[in-house]
């Protein structure tokens with residue numbers, strides 16, 4: 001067999017085919033859609049706003065009007081010692097004032113004189129008001145404000161979880177995509193080297209080749225075979241890792257079929273999102289849009305509310321209570337002047353002498369607020385620098401990947417030139433194999449730079465707090 005026959009086989013070139021016959025394509029967009037709809041973590045994240053709403057409902061319950069009824073009786077040896085009934089309604093208000101109205105009746109032979117009421121009972125209407133402690137704020141008002149902050153942060157908390165989940169899924173998909181491309185690279189390299197080996201062996205048997213050429217070509221085949229085995233193992237590993245994120249609508253795990261392949265088309269979504277959120281836009285809107293920063297700010301506001309509450313608790317507890325009284329069910333009209341002449345009035349005053357508990361809680365809340373403020377300030381500063389750094393990394397790796405096209409083209413040109421030299425009888429099989437190895441290595445690096453570039457985009461979007469946009473729809 002002549003050299004020309006071998007050169008025809010070599011001149012097929014070294015072109016990667018990124019499409020496989022009879023394969024199912026699984027895009028990143030499809031993966032993220034499945035994750036959004038069915039992933040347990042995504043479903044759990046969707047519950048966070050609802051959970052925050054439940055806390056708000058619970059806090060609002062502290063201001064619900066309360067209707068109560070109580071009755072106590074004592075009968076002994078045929079004697080009615082007492083029979084006391086009371087029905088009342090209490091209405092808390094946002095300003096600390098508590099309104100109360102009700103009717104009470106007491107009769108019997110052994111009543112406490114202060115409990116006696118007219119035969120038709122005694123109705124009352126009035127209010128109680130704190131004068132110092134709990135006037136500006138109190139426990140239930142603080143809890144309600146904190147619950148409102150929690151509800152405001154519910155969607156941001158959801159986005160934080162989705163941000164992390166999207167980053168994990170995209171990284172796994174990129175690893176799978178890279179491993180699959182390397183499989184195709186080594187499959188083609190192995191196929192070409194095996195075809196070349198068959199031709200070289202035929203020429204050797206015909207006396208046109210030295211034995212060293214067959215050994216050298218056989219080693220090339222073995223190198224490609226080993227690399228292919230390793231790349232196939234990595235492809236299987238990352239395909240299985242990706243399947244850990246895939247679930248169907250019934251909550252059952254999904255696994256891609258053996259002939260399922262990744263596709264580069266869905267990765268363009270990262271380009272679009274990066275273009276929509278450059279670093280200048282992200283940094284200028286950190287306080288309003290970044291979910292982690294917003295949650296930290298809401299956390300600080302919650303600590304400030306607790307600090308104000310503890311400061312209120314340093315004040316003396318003074319409660320003023322007034323109730324207007326009338327016979328029967330609010331019969332003021334039949335007894336002129338009764339609203340002002342018949343009443344119950346109470347004044348309660350109390351305070352700890354040393355206020356050690358109150359001062360301790362106040363100091364703790366102040367220190368916690370100060371410490372958290374310092375901590376969050378540093379975290380926000382670090383986040384800003386990370387965003388700038390990731391942006392520069394993404395720009396650099398994108399430029400490197402684009403520039404590497406020229407390097408690969410250069411190795412392809414050298415490889416094709418070596419084929420022509422070999423066909424003309426000027427080249428050697430050793431040099432041809434070397435050129436081929438360099439071309440394979442350059443393509444492998446090109447694949448690696450593509451993964452690094454796309455991974456840097458994902459990292460940038462994650463740091464910027466906007467990656468969740470790929471995994472969440474309204």
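Please compute the length gained on full extension between residue 352 and residue 54, using 0.36 nm multiplied by the number of residues separating them and subtracting their Cα-Cα distance.
Details: separation 298, 0.36 × 298 = 107.28 nm, distance 3.59 nm.
Working it through step by step, the gained length comes to 103.7 nm.
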A chain fully extended from residue 344 to residue 37 at 0.36 nm per residue, minus the present Cα-Cα distance, gains in nm 104.3 nm
Once both label points are put 7 Å beyond Cα along the C-beta direction, the residue 329-residue 366 separation in nm becomes 5.5
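Just to be sure I understand: of the beta bridges DSSP finds with both ends in the chain, what percent are antiparallel, rounded to 5?
Values: 46 of 49 bridges.
That works out to approximately 95 percent antiparallel.
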Simple SL model, points at 7 angstrom along Cα→Cβ for residue 127 and residue 250; separation in nm is 6.2
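Beyond 16 Å, how much of the Cα-Cα pair distribution for the stretch 52-132 remains, as a whole percent?
Numbers: 2085 of 3240 pairs.
The calculated P(r) of the stretch 52-132 puts 64 percent of pairs beyond 16 Å.
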Site residue 83, offset 7 angstrom along Cα→Cβ, radius 17 Å on amide nitrogen, limited to the stretch 98-134, gives 104-112, 116-122
In degrees rounded to 10, the 0-90 angle between helix 28-38 Cα long axis and the longest Cα principal axis of the chain is 30
Relative to the chain, whose Cα atoms define the longest principal axis, helix 291-312 and its Cα axis are tilted in degrees, nearest 10, by 20
With no solvent term and unit scatterers on the alpha-carbon positions of the chain, Debye gives log₁₀ I(q)/I(0) at q = 0.10 Å⁻¹ of -0.93
Taking Cα atoms only, helix 211-243 is inclined relative to the longest principal axis of the chain by an angle, in degrees rounded to 10, of 10
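Dividing the Cα convex hull volume of the stretch 100-153 by residue count, how many Å³ per residue is that? Don't skip to the answer; put the middle values down first.
Working: hull volume 8.0 nm³, N = 54.
Spelled out: Cα convex hull of the stretch 100-153, divided by residues, is 148 Å³.
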Computed over the Cα atoms of the stretch 73-223, the Rg and Dmax in Å are 45.7, 134
If the chain between residue 109 and residue 275 were fully extended at 0.36 nm per residue, the gain over the current Cα-Cα distance would be 51.0 nm
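To the nearest 500 deg cm²/dmol, what mean residue ellipticity at 222 nm is calculated for the chain from DSSP H runs of n ≥ 4 alone, each contributing -39,500 (n - 2.57), summed and divided by the residues? Could you put the intermediate results ahead of the total?
Numbers: 12 runs with 289 residues, N = 474.
Computed mean residue ellipticity for the chain: -21500 deg cm²/dmol.
Where a number appears in this text, it was derived from the coordinates with a stated rule and is not lab data. In this text, all values refer to a predicted model and were calculated from it rather than measured experimentally. Glycine gets a Cβ as well: all are built from the backbone with ideal geometry, and neighbour counts include every protein chain shown.
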